[in-house]
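A quick write-up on the structure given underneath.
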Amino acid sequence: MSVGLESGFMPAESGSREGITVSKAERVAFEAEVSRLINLPQPLYKEMPKLVESFNQDAALVELFQFTLHEVMSVEGPLAQKLAAWEKYSPLWAENIESYLVRFEEDIESFKSQQISIAEEDTVTIVRFLQLETSSIKQSLVNKALQWQNSLLELLFTESKAR
């Protein structure tokens, strides 16, 4: 089996090998990602065809690579779905605080409720072989909810003093 550099270490054709299918779309997506991620110095990059040729000579290595690629690509959907679950908190990062501060008590309670809800979110999720750890996202969102609450309370306090 021959795998050229231009094909991103993948067979030139779509196919199946022992139950592992790599589609042309998967191969193209992988090639784009490798091109984006690998920023090799010019002298090393010039040696890549020799490395690829060596790589292509080892059928077990090619098979292992294909299997690994397939497994990594198989978690994309479930992983994206899990990360999309955090979108329900998008007002915390999408709203402009100054323009939003015109609403008081209802919004304070809303952010308190979101803070409680965020605190109840699981921070470790396992999607097949990948463990997703989101405690930093959770902490950032809790901090943002607190920032909103404090800003609204400050404005409410300032407005009540002025009246």
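The values are calculated or read from the model by the stated rules, or taken from the named source; none is laboratory data. Because the structure is a prediction, the values reported are computed rather than measured. No Cβ is skipped: glycine too gets one built from the backbone with ideal geometry, and neighbour counts run over all protein chains shown.
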Only one residue in Ala94, Ala119 is free of Cβ contacts under 8 Å to residues at least 12 places away in the same chain and either over 30 Å from Thr68 (Cβ atoms) or outside the structural domain of Thr68 (by TED's automatic domain parsing) (or both). Which one? Ala94
Which fully enclosed helices (runs of 4 or more DSSP H) of the range 58-163 have 1 or more residues being polar (S, T, N, Q) and farther than 30 Å from Arg27 by Cβ? 97-100, 105-119, 135-162
